[in-house]
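Written out below as C-alpha cells is the structure these notes cover.
The values are calculated or read from the model by the stated rules, or taken from the named source; none is laboratory data. Note that the coordinates shown come from a computational prediction; the quantities given were computed from them, not determined experimentally. Counting neighbours? That spans all protein chains shown, and the Cβs are built from the backbone with ideal geometry, glycine included.
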Amino acid sequence: MTLKIAMFSRFPQDVQHPRGGVESATVNLAVALAKIPEIELHLITLEDGITEVQRSTMDRIEVHRLPKTFPYQALDILIGPGRRSICRYIESLKPDIAHFHESYAFGMADLKVPLVYTDHGPDTLMIPVESGKIGRLKSIRVPIWHFVESRGYSRFKNIISISPFIEEHLKDRTSAQFSPIDNAISASYFETPRHETRPILFSAGWVSSRKNTYGLIRMFAAYVKKYNDSEIELRIAGDKTRDMEYVNQVNELIASEGLDKRVTLLGNLDQREIKTELGQASLFILTSFQEVAPMVIAEAMAVGVPVVCSNRCGMPFMVEDRVSGLLVDPEDEDATAEAVNQLVSNATKRKEFGEAAKKTAYSRFHPDAVSAKTIAVYKSIIAG
C-alpha cells in the first residue's frame, strides 16, 4: 500500500548546498524516505523569484516550488496569500499526511489533511540572542512571533521533537502529542575517513553573536598562550556576510591576538568540504549560546570526531559528557581551553570519544533510522 506524503519545508535548488540546518535535515530525510518503494513523496516549498508553480523530480522526490509573493513571513502565516496557496496546493495533492518543517505550519489549522509538525526551534527562542539587523528588530519581531507561535501550538495535535529541549520549552504551550525523532544527517558522513595530520580545531556556524564566534576566538587565544601550542589551528566554517559589524570585530580580534595564520574563517562550505574538514580535525568545537540540535554536531559524531560544545539548550542531549565529548560553559574561556587541551594532548581519549560518538550517531542520526521512526509516526497519526 502506497503512503502519499506532502512535506513542506525549505528546499535548496542544489541538495549539495543546503542553506542551514532545516534544509539539510529536510534533504536527508526526504532522500531516505524516497528510497522506500511504498512511499510517494511530494516536497512543497515557497520560492522567491518565480511567478508560477515549478515542478521537478529528484531521486523519486516530486518537488513543487510555489511562488513566494509576500515578504513578511509572520503576517503571511496569519493572513497572507502564502498560507492560503500552501493549504490549497497540499489539499489538491490529496496526500495521506502533511509533514511541515517550517513555521507555516502555524497557519494550517484548517488544513483538511492529517498534519504533523517537526519543530526545529521556536523563533521566539532564537531572535533574542541574534545580533545585527535581526537583533535590532527583536523588540518588534519577538511579540509578533510569540502570538503566531502561541496560536499555532494551541492547535497542534502532533509534534515531532528533534530534542528534549524542545519538549521542555513547549510543555506549557501545547497539548500536542510529542514524538522524539532526531534530525537525519547524510549517510555519507559515516563513511568519511579520519586522517589527522596536525592539531586542528574545527567549528561551523555563521559568524554571529548567537554562535559566539568572538568568544571562541578569545578562548583559542587563551589556549595558545597557556599551553604554548605553536602548531594548532582553528578553522571556522559558516557565512561571514550576514552581520558585518560583528564580523569586523572578529577580524580585529584575530589581528590583535596575532592569530592571522592560525585562525581561518572559511565562509560557506558545501557538504563535501565539510566532510574534508571533519576528516582532518582533531576535534569539533561549538561554543554557541543558543542551539537546539546542531546538524554539524551530529555530522562530527558520525565521522567519529570528539566534540567540545556548550552545556546549554539542546547540545547536552546530543553529546554525553566525558563519553562522546566534553560539555563546557561557553562564557568560561579558561575552562573551555582546558577541555580542548584534555583532548588535543591525548590521542587515546580522542579515539575513545570519537568511537563512542559514532556509535551514538548510527542509532540516532542515520537517515535510515530516522526515516523508519518517522514512518511509524505517520502511520500512527493516520490510524487516528
Selection from segment 157-173 of residues that are within 16 Å of F106 (Cβ to Cβ), part of a loop (DSSP other than H, G, I, E, B) and at pLDDT below 95: R173
Test: residue in segment 256-270 that is touching a helix residue (DSSP H, G or I) at 6+ places or on another chain (Cβ under 8 Å) and in a helix (DSSP H, G or I): no
Of everything in segment 45-62, what is part of a loop (DSSP other than H, G, I, E, B), surrounded by 15 or more Cβ atoms within 10 Å (Cβ to Cβ) and of a type in the set (V, I, T)? Give them in sequence order. none
Among (1) touching a helix residue (DSSP H, G or I) at 6+ places or on another chain (Cβ under 7 Å); (2) farther than 30 Å from C313 by Cβ, where does D119 come up short? (2)
Hits in segment 227-248 - residues which are surrounded by fewer than 16 Cβ atoms within 10 Å (Cβ to Cβ) and part of a helix (DSSP H, G or I): Y227, M244, E245, N248
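Matching residues to (1) at pLDDT below 95; (2) in a helix (DSSP H, G or I):
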residue	(1), (2)
L66	no, no
P71	yes, no
A74	yes, yes
S85	no, yes
R88	no, yes
S92	no, yes
P95	no, no
Tell me, please, whether a residue that is touching a Ser or Thr at 6+ places or on another chain (Cβ under 7 Å), more than 30 Å from A376 (Cα to Cα) and at pLDDT below 95 can be found in segment 213-229. no
With respect to D270, is the statement that it is at pLDDT 95 or above and not assigned by TED's automatic domain parsing to the domain that holds I162 true? no
Would you point out the residue of segment 327-345, among those that are surrounded by fewer than 16 Cβ atoms within 10 Å (Cβ to Cβ) and out of contact with any strand residue (DSSP E or B) (no Cβ under 8 Å at 6 or more places or on another chain), that is nearest to P164 (Cα to Cα)? E331
Scan segment 271-280 residue by residue and report those that are touching a helix residue (DSSP H, G or I) at 6+ places or on another chain (Cβ under 8 Å), closer than 18 Å to G205 by Cβ and of a type outside the set (K, R). Q271, I274, L278
Where residues in segment 19-40 are closer than 24 Å to G121 by Cα, touching a residue at least 24 places away in the same chain (Cβ under 8 Å) and in contact with a Lys or Arg (Cβ under 8 Å, 6 or more places away or on another chain), which of them is surrounded by the most Cβ atoms within 10 Å (Cβ to Cβ)? T26
Scan V305, V292, V344 and give me the residue that is touching a Leu at 6+ places or on another chain (Cβ under 6 Å), farther than 17 Å from G215 by Cα, β-branched (V, I, T) and in the same structural domain as L201 (by TED's automatic domain parsing). V305
Just to check your reading of the model, which residue among S324, S310 is under 24 Å from A187 (Cβ atoms), surrounded by 17 or more Cβ atoms within 10 Å (Cβ to Cβ) and of a type in the set (S, T, N, Q)? S324
